[in-house]
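Bear in mind that the values in this text are calculations on the coordinates, not laboratory data. If you're wondering where the values come from, they're calculated on a predicted model, not measured in any experiment. Note that we place each Cβ from the backbone using ideal geometry, even for glycine, and neighbour counts take in every protein chain shown.
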Amino acid sequence: MNQVAAPPSSKKRSALRRFVDRYRMETFLGSSAFLQIAALLFWYTPPNSYDHLDKLIDEVAFVENLVIQDPNVGEAPDDGEFEVTDTLKKKEDARIAGAQDAIVSGATAPVDLSPNVQPEYTKDAQSAGIGGTLTLEVIIADTGEVLRVRNIGKTLGYGLEESAIQAFYKKRYSPSVLDGKKITVKVYVPVRFSLY
């Protein structure tokens, strides 16, 4: 009387088979309903009610109603008046394009020779309670003069950027040195405006 035990998977199969045999009609109806719902969800596409022809007709009607005026129609400027048609840009110093980052290049850092020149905290910013830190990109020539200053971080407004930029244009620096040669460098300077 040696009985061989059935593997666990066959026990599960037999339990599933008994369930299906016992609830044959419910199993069939449930699976049929599931397949019908799935088919409706995957195959249903809403009707395309948007007509591309209407859009094209509207665009053509717009172009037909468009009126282009001659630019010379109207009053011409008097002899004493003139119109500004082009503004000349100030040429930038050629050394700005060749400026190296002082930290990346390994050059000595430029030393501020005018530490007493500080940006003015504008009265508008003080009365509005505005404070924060600006990040300025300062390009310092091989002669120690400031070639360009611009704000590269967030703006605070109320004239604080302009005040900081004007103050740094007035500063003088010792030039950066790389391998015994003075070079033009780019440095990033944080400027903090605080009410306290």
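Taking only C-alpha pairs under 8 Å that are 6+ residues apart, what is the relative contact order of the range 94-193 in percent? Relative CO of the range 94-193 lands at 41 percent. Model label points for SER174 and TYR196, set 7 angstrom from Cα along the Cα-to-Cβ axis, are 3.6 nm apart.
Among the lysines of the range 91-196, pairs at least eight places apart or on separate chains and with Cα atoms under 22 Å apart come to 11. Projecting label points 7 angstrom from Cα along Cα→Cβ for THR135 and ARG18 puts them 7.2 nm apart. Multiplying the residue separation of ILE103 and LEU41 by 0.36 nm and removing their Cα-Cα distance gives an extension gain of 16.1 nm.
Give me the extension gain from THR27 to VAL111: residue separation times 0.36 nm, minus the current Cα-Cα distance, reported in nm with one decimal.
Working it through step by step, the gained length comes to 21.7 nm.
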